[in-house]
Amino acid sequence: MNYKETVEYLYSQLPLFTRVGQSAYKANLDNTIELCKRLDDPQHKFKSVHIGGTNGKGSTSHMLAAVLQTAGYKTGLYTSPHLKDFRERIRINGQMISEQGVIDFVEEHRPDFDEIQPSFFEMTVALAFDFFAREKVDIAIVEVGLGGRLDSTNIITPLLSVITNIGWDHMNILGDTLQLIAAEKAGIIKPEIPVIIGEYQREVVDIFVDKAIAQNAPICFASAEWKIFQENQKSDGTKEYLDFKIEKHPPITYYHLQLDLTGAYQLKNVKTVLCAVEELRQLGFIINDEHVRTALRQVKTLTGLHGRWETLSKHPLTICDTGHNPEGIQEVLQNIATVNYDHLHFVIGVVNDKDISKILAMLPVDCTYYFCRPGIPRGLEAESLKLKAESFGLIGEVYPSVKDALHAAQQNAGENDLVFVGGSTFVVAEVV
């Protein structure tokens with residue numbers, strides 16, 4: 001098979017969560033363990049950092065990878081989902097795995113796939129770990145796919161575990177309370193391995209502290225360690241960098257940083273990244289302050305990250321963001337509030353297996369909506385989305401595709417209007 005045929009095989013033969021949802025989720029690690037056993041357990045052949053959480057884990061993973069590769073380490077990065085190309089999930093020093101690498105892995109291990117019947121995600125994790133081991137990376141940043149305790153990535157023994165935060169997402173799988181969701185995320189905390197929690201959240205703090213104590217794992221909360229100073233000024237939405245000062249006491253540590261991921265929510269993630277950097281320094285990694293400064297100015301260039309408060313066009317101003325759960329949408333709305341504009345045009349599409357009422361209740365009524373369906377089987381029909389949205393006072397029209405919706409929004413937008421595209425990672429994937 002060529003590359004296109006290989007990827008289509010993966011999509012068609014093995015359940016893909018991003019397309020079909022809950023039915024692709026395997027509630028145990030058996031397949032991953034067996035598949036990696038046949039690969040001679042590559043997950044034990046490289047050092048790693050494990051990053052989970054509801055929101056921010058992708059940005060945090062990319063930032064930390066950028067810092068490590070700037071410091072001279074051969075750095076693997078495993079993330080999900082991808083936006084354009086399957087290979088975005090597996091990178092070393094920002095470079096995607098080669099098409100031939102994917103072809104060869106699938107060809108060599110198809111008999112194992114046929115016998116074990118792994119999910120798409122289980123196969124992808126095995127491919128990533130095998131690739132990182134073969135390429136002898138110095139360290140790999142491994143992002144949790146979904147949850148933590150039963151996620152396929154949770155067969156690694158990392159140097160450090162990171163959990164960014166807890167929010168309302170995948171409740172049909174992880175549980176319908178924040179405490180249940182936190183317990184699943186806490187499943188990546190391992191014996192005597194330090195864990196960093198990004199945000200101190202009163203509702204779930206005991207879940208993490210109790211699990212860390214039980215595992216004798218040192219724990220810290222990044223939001224309590226660092227303080228950020230930033231001028232909260234309105235912008236035209238096109239600034240290149242998030243410019244801020246951040247300090248920690250004691251001992252006094254101070255940075256003046258610029259970050260090329262300009263969403264204000266990234267300030268939370270930066271605290272988590274800096275805590276991780278400090279921990280890695282304690283473990284012997286040589287990362288100086290200049291490495292940190294240089295890396296954060298060019299995360300997108302170094303790692304290929306897209307879709308996080310990203311400007312698509314300046315005329316009219318068009319911005320997209322992958323925030324897709326209540327906490328993520330709240331951050332998006334706070335970012336929108338920092339932009340000077342006359343009228344908001346909101347291109348929105350969602351998946352069909354989530355309760356979107358919390359999100360719709362948060363959205364502003366004084367803007368124009370462009371309802372569309374992301375081009376995946378899980379995409380909610382645009383007409384259904386429009387009907388649900390109307391019950392919350394949100395008015396707009398239905399469009400046959402994401403691109404049609406975006407085109408209409410840009411055509412209708414005045415010179416000083418803002419066009420925003422979001423609601424789902426898969427909507428953003430069609431416009432970046």
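The values are calculated or read from the model by the stated rules, or taken from the named source; none is laboratory data. From a predicted model like this one, the values you see are computed outputs, not experimental measurements. Here Cβ is always computed from backbone atoms with ideal geometry, including for glycine, and neighbour counts include all displayed protein chains. With ligands, DNA and RNA removed, areas are computed over all heavy atoms of the protein, side chains included. Shrake-Rupley method; radii C 1.70, N 1.55, O 1.52, S 1.80 Å.
Of note:
- When residues of the stretch 164-183 are limited to those that are in a helix (DSSP H, G or I) and surrounded by fewer than 22 Cβ atoms within 10 Å (Cβ to Cβ), the one modelled with the lowest pLDDT: M171
- Among the residues of the stretch 90-120, those identified as farther than 18 Å from E5 by Cα and touching a Ser or Thr at 6+ places or on another chain (Cβ under 8 Å) are I90, R91, I92, N93, G94, P118.
- Those strands (runs of 3 or more DSSP E) lying entirely in the stretch 70-145 with at least 3 residues closer than 24 Å to T54 by Cα: 75-78, 139-143
- Answer from A217, A186 - the residue that is in contact with a Pro (Cβ under 9 Å, 6 or more places away or on another chain) and hydrophobic (A, V, I, L, M, F, W, C): A217
- Residue selected from the stretch 116-136 under the condition aliphatic (A, V, I, L, M) and open to solvent by 10 Å² or more (accessible area, probe 1.4 Å), by the criterion farthest from H44 (Cα to Cα): I116
- Candidates E278, E225, E240, E290 - the one that is under 24 Å from the mean Cα position of the chain (by Cα) and loosely packed, with under 12 Cβ neighbours inside 10 Å: E240
- Of the residues making up the stretch 379-427, those that are assigned to a helix (DSSP H, G or I), open to solvent by 40 Å² or more (accessible area, probe 1.4 Å) and not acidic (D, E) are S384, L387, K388, K403, H407, Q410, Q411, N412.
- Scanning the stretch 312-331 for residues that are out of contact with any helix residue (DSSP H, G or I) (no Cβ under 9 Å at 6 or more places or on another chain) and modelled with pLDDT of 95 or more returns a single hit, L317.
- Tally of residues being among the β-branched types (V, I, T) and open to solvent by 30 Å² or more (accessible area, probe 1.4 Å) across the stretch 52-82: 1
- Matching residues, the stretch 349-378, being within 24 Å of the chain's Cα centre (by Cα), under 18 Å from L418 (Cβ atoms) and open to solvent by 40 Å² or more (accessible area, probe 1.4 Å): M362
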